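The values are calculated or read from the model by the stated rules, or taken from the named source; none is laboratory data. Quantities reported herein were computed from a predicted structural model and do not represent experimental measurements. Note: ideal-geometry Cβ built from the backbone for every residue, glycine included; neighbour counts use all protein chains shown.
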Amino acid sequence: MLRQSTKEIGRLFGEWQLNFGNKAPVKNYPVQKAALWAKVILYMQPTAEQWQQAKERSLFEEWPPSSARDLLALASVDNQYYPEMRQAYIDAAVNRKYHHAVVYETARRVGFWEIKSQSETITYKRWQQLYPEVCYEHTTGTDFAMPQ
């Protein structure tokens, strides 16, 4: 099972290298990383549907996921309930609008000053890491306060 998962993740890493270009250089994806990610994914036990969804969604992100947990978190975000990740970032970073508490909370965690003053290549990468986590926390019962 571990060997099969490692091979599958290795193929996914190859797709990322083709899809993301310089954002996913070959040197960042050694076989040891695929084996480690396989262990994490097997431990987390996603359903076949969640695993497929995470792989598919990863190809449509601005950056590849930075950990196995971040990859699996992509399957946890219900696109019908939460704002789409890229649009949520643009609303927060460019328009300074927070249509949902998870958007506000993610912006708070990334840092309002950072979003305003740092490059999108830095802040959106961080957003991609945090947004699925915040959405997951929200789905499991955490309430986030919106400013009054």
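Filtering the range 8-40 down to residues that are surrounded by 13 or more Cβ atoms within 10 Å (Cβ to Cβ) and among the charged types (D, E, K, R), which residue is nearest to Glu56 (Cα to Cα)?
Glu15
Is it true that Thr140 is among the β-branched types (Val, Ile, Thr) and either at positive phi or at pLDDT below 90 (or both)?
yes
With the requirement that a residue be within 15 Å of the chain's Cα centre (by Cα) and part of a helix (DSSP H, G or I), what does the range 14-26 give you?
Within the range 14-26, Trp16, Phe20, Lys23 qualify.
Of the conditions (1) at pLDDT below 90; (2) within 28 Å of Leu12 (Cβ to Cβ), Val110 fails just one. Which one is it?
Of (1) at pLDDT below 90; (2) within 28 Å of Leu12 (Cβ to Cβ), only one is false for Val110: (1).
Looking at the range 27-58, which of the residues that are of a type in the set (S, T, N, Q) and assigned to a helix (DSSP H, G or I) is farthest from the chain's Cα centre (by Cα)?
Gln32
Only one of these conditions is not met by Glu61: (1) touching a residue at least 60 places away in the same chain (Cβ under 8 Å); (2) assigned to a helix (DSSP H, G or I). Which number is it?
Answer for Glu61: the failing condition is (2).
Being in contact with a helix residue (DSSP H, G or I) (Cβ under 9 Å, 6 or more places away or on another chain) and at pLDDT 85 or above is the filter; apply it to the range 73-86 and report the residue that is farthest from Phe13 (Cα to Cα).
Pro83
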